[in-house]
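Asker: Would you mind keeping the following structure in view while I ask a few things?
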Amino acid sequence: MFYWELPVYQKAQELVIGVDQLIKQLPNKPQTWVISRQLFDAVTSIGANIAEGRGRHIGKEYERFLYYAQGSANEVDHWLRTMKDCSVGPLSEVERLQALNVEVLKLLSATMSSLRRKRLQGDAKALREENVEYEMEPIEDAPF
């Protein structure tokens, strides 16, 4: 399965789109510049860490990047709470994004628990994708 097919990645991307739309609605003020930048950096880091971890195909490494994604999701929560506390942005949209972020956190937690359980049970197949034989045509005049 590719990283973009993972439910947790898809939910994280749904959150990115929601945050992007919210940021585009915010007034052009110094505090919104800071919040917008930090929030967008954090929300895009969630999916990036899921993708990078999945690309490593190894349980412990994948788990480590999911922990990073979880940290970024917690940072997203912080910035959304800050928006509520400072009355920045439409309250209903901020709350909708908070609820979506909770879904992302739950999916991350479930994925990490599953990986950890499989790793501890010694399920090597769950930790690493199957080996696939690749055939390559020889490259003529290659410098190597």
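The values are calculated or read from the model by the stated rules, or taken from the named source; none is laboratory data. Model, not experiment: these values are computed from the prediction. We place every Cβ from the backbone using ideal geometry, glycine too, and count neighbours over all the protein chains shown.
Asker: Among the residues of region 45-87, which ones are under 29 Å from L120 (Cβ atoms), at pLDDT 95 or above and of a type in the set (S, T, Y)?
Answerer: The answer is S45, Y67, Y68, S72.
Asker: Go through region 71-95 and count every residue that is touching a Ser or Thr at 6+ places or on another chain (Cβ under 7 Å) and under 17 Å from V16 (Cβ atoms).
Answerer: Looking only at that region, the number is 1.
Asker: Grab the helices (runs of 4 or more DSSP H) fully contained in region 1-100, keeping just those with 2 or more residues being touching a residue at least 60 places away in the same chain (Cβ under 8 Å) and in contact with an Asp or Glu (Cβ under 7 Å, 6 or more places away or on another chain).
Answerer: 7-25
Asker: A follow-up question, please. Looking at G89, G71, which is the one that is at positive phi and small (G, A, S)?
Answerer: G89
Asker: Does region 27-83 hold any residues that are surrounded by 15 or more Cβ atoms within 10 Å (Cβ to Cβ) and basic (K, R), and which are they?
Answerer: R54, R64
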